[in-house]
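Quick notes on the structure that follows.
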Amino acid sequence: MTANRYQMYNDNPFKLGLFGANCSSGRAINKLPERWLADWDSCETMAKIADEGGIDFILPIGRWKGYGGKTDFQGTTFETITWATGLLAHTKKLTVFGTVHAPLFNPMVAAKQIVTADHVGRGRFGLNIVVGWNEPEFQMSGIQQREHGDRYEYAEEWISAIKKMWNEKEPFDFDEDYLHLKNVVAKPKLHADSSPLIINAGQSATGRAFALRHCHAFFTNFREADVKKSAEFVAQFKSDAKALGRDANVYTQGHVVCRPSRKEAEDYFHYLTTEGVDYEAIEGLLQLKNITRENTPDYDEYVRNLPPKNVGYPIIGSPDDVTEKFIRMHAAGLSGIAFSLVNYVDELPLIVDEVIPRLRNAGLKTPQLPNNA
Ligand SMILES: Cc1cc2nc3c(=O)[nH]c(=O)nc-3n(C[C@H](O)[C@H](O)[C@H](O)COP(=O)(O)O)c2cc1C
């Protein structure tokens, strides 16, 4: 694996990624006129601005069914491997991930889809493995969702079989508890015969253990109120990975509202998380977690008070403020952040023009690598 093959292997100490742009409304449950519609032209424009502007990666969400409400939050979504392949064809430097539900993708098909995407991107495809969350998505697919622990056991076999398909030169059998594959062949291999960056964002102990065994990067929530705790978590994860002979980095996620002044950013964030909210979609999301009017005292207040918590970790302010928060995350040992925006095309230029140069001045970003296409 050569250093200039992957943007994610570049020397930037703190990597920036765009999160959720394959889904309508991204990650903010809003009904604002400028909300993200996730149409292809906008996605392509976003990726080009990101690629040329120094963003390191793009991370989609594996979503198959929306949450309803006025906007059917995340109801319009592109499948992520094909979406990534298209974006890789239009970019030169950044890594684009596919977020792949292990139980929904036959491993033989997934292995080849990933190889195809990786060749189109000349080694810039990344794999985010998810095991499934929302029951209605499984009902819609006709596939039975497994018990929580079994989901990761299955994923373990799934990724092991796929890695074999990426690496084995001779036909092989794969006969385990869940997968029984006979006389498997797979050509071509990955671009330059290496592994794509593999990530996982499980929050449970089982999910974390899976990530330690199979992934190069893991996601955790940043605790601003207790940066020391975040730092301890990151240090522990890295040392647990080392004990297994592996190198792993830890990333976090959030939502950015960056405006020329702090006041403008705070006013917009307030608007986004009050008047701008699609509350019916929030109710749809809560229903999935079995939080209903019937079983929740003060339900209306609960729903009203949920934003902005549901938006992801908020990074709100002027370019100086946003840079400062990224610096604090880096100081906690985090290797980067995947963040969402209300409108990726409208809001990205200010980040590229004003935040990235500040990060460079702070030593958290190096000049971009030359194009590898
Ligand atoms: C950054 C991030 C991205 C995620 N992306 C998805 C996704 O696209 N689709 C999905 O079903 N779950 C997604 N998840 C959920 C996780 O994969 C995981 O299932 C969840 O955090 C619960 O952890 P557990 O599986 O260990 O219980 C994501 C979580 C995080 C923090």
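Run the paramagnetic zone check for residue 229: 7 angstrom along Cα to Cβ, then residues of region 179-218 with backbone nitrogen under 17 Å. Correct set: 203-205. Between residue 324 and residue 240, the simple label model (points 7 Å from Cα in the Cβ direction) yields a spacing of 3.3 nm.
How much of the DSSP bridge set in the chain is antiparallel, in percent, rounded to the nearest 5? Walk me through the numbers before you get to the answer.
On the way: 5 of 37 bridges.
About 15 percent, rounded to the nearest 5.
Computing FRET efficiency as 1/(1 + (r/R0)^6) for residue 183 and residue 116, where r is the C-beta to C-beta distance and R0 is 25 Å, gives about 0.70.
How much net charge surrounds residue 362 when only the other residues with a Cβ under 15 Å from the Cβ of residue 362 are counted, with Lys and Arg +1 and Asp and Glu -1?
Working: positive: 15, 325, 328, 358, 360, 365; negative: 11, 320, 321, 324, 354.
With Lys, Arg at +1 and Asp, Glu at -1, the net is +1.
Taking 0.36 nm per residue of separation and subtracting the current Cα-Cα distance, fully stretching the chain between residue 331 and residue 79 would add 87.2 nm. At full extension, residue 267 and residue 90 could sit 60.2 nm farther apart than now, given 0.36 nm per residue minus the alpha carbon distance. Ranked by the mean number of other Cβ atoms within 10 Å of their residues, highest first, the peptides 311-317, 239-245 fall in the order 311-317, 239-245. Taking a straight line from the alpha carbon of residue 289, these aspartates and glutamates sit under 13 Å away, with near neighbours fewer than eight places off in the same chain left out: 135. Within the shell defined by Cβ-Cβ distances under 14 Å, the residues around residue 110 carry a net charge of 0, with Lys and Arg each +1 and Asp and Glu each -1. Once the convex hull of all Cα atoms in the chain is built, its volume per residue stands at 139 Å³. Packing-based ranking of 90-98, 358-366, 176-184, 150-158 yields 90-98, 150-158, 358-366, 176-184, ordered from highest to lowest mean Cβ neighbour count within 10 Å. Straight-line reach from residue 92: taking Cα to Cα under 16 Å and skipping same-chain neighbours fewer than 8 places apart, the aspartates and glutamates in range are 44, 51, 52, 56, 118. Taking 18 Å as the limit for the C-alpha separation, the pairs 93/242; 15/309; 163/189; 112/169; 15/93 exceed it in the case of 93/242; 15/309. Net charge near residue 91, counting Lys/Arg +1 and Asp/Glu -1 over other residues with Cβ under 12 Å of its Cβ? It works out to a net charge of +1.
Do any chymotrypsin sites (Phe, Trp or Tyr not before Pro) in region 293-363 lie in a loop, going by DSSP, with at most 10 other beta-carbon atoms within 10 Å of their beta carbon, and if so which? Write down the numbers at each step before the final one.
On the way: sites: 299, 302, 326, 339, 344; in loops: none.
Answer in residue order: no site qualifies.
Between residue 194 and residue 309, what FRET efficiency follows from the Cβ-Cβ distance if R0 is 45 Å, with the result rounded to 0.05? All intermediate terms of the calculation are to be shown ahead of the outcome.
Numbers: r = 39 Å, r/R0 = 0.87.
With a Förster radius of 45 Å, E is 0.70.
Please work out how much length the chain gains when fully extended from residue 172 to residue 361, using 0.36 nm per residue of separation minus the C-alpha to C-alpha distance, in nm with one decimal. Write down the numbers at each step before the final one.
Numbers: separation 189, 0.36 × 189 = 68.04 nm, distance 5.15 nm.
Full extension from residue 172 to residue 361 adds 62.9 nm.
Taking 7 Å steps out from each Cα toward its Cβ at residue 135 and residue 292 produces label points 1.0 nm apart. In straight-distance terms, cross-link reach from residue 31 covers every one of the aspartates and glutamates whose alpha-carbon lies under 13 Å from its own, apart from those fewer than eight places away in the same chain; here that gives 72, 275, 278, 280.
None of the figures in this text is laboratory data; all of them are computed from the coordinates on show. Note that this is a predicted model, so its numbers are computed, not measured. All Cβ positions, glycine included, derive from the backbone under ideal geometry; neighbour counts span all protein chains shown.
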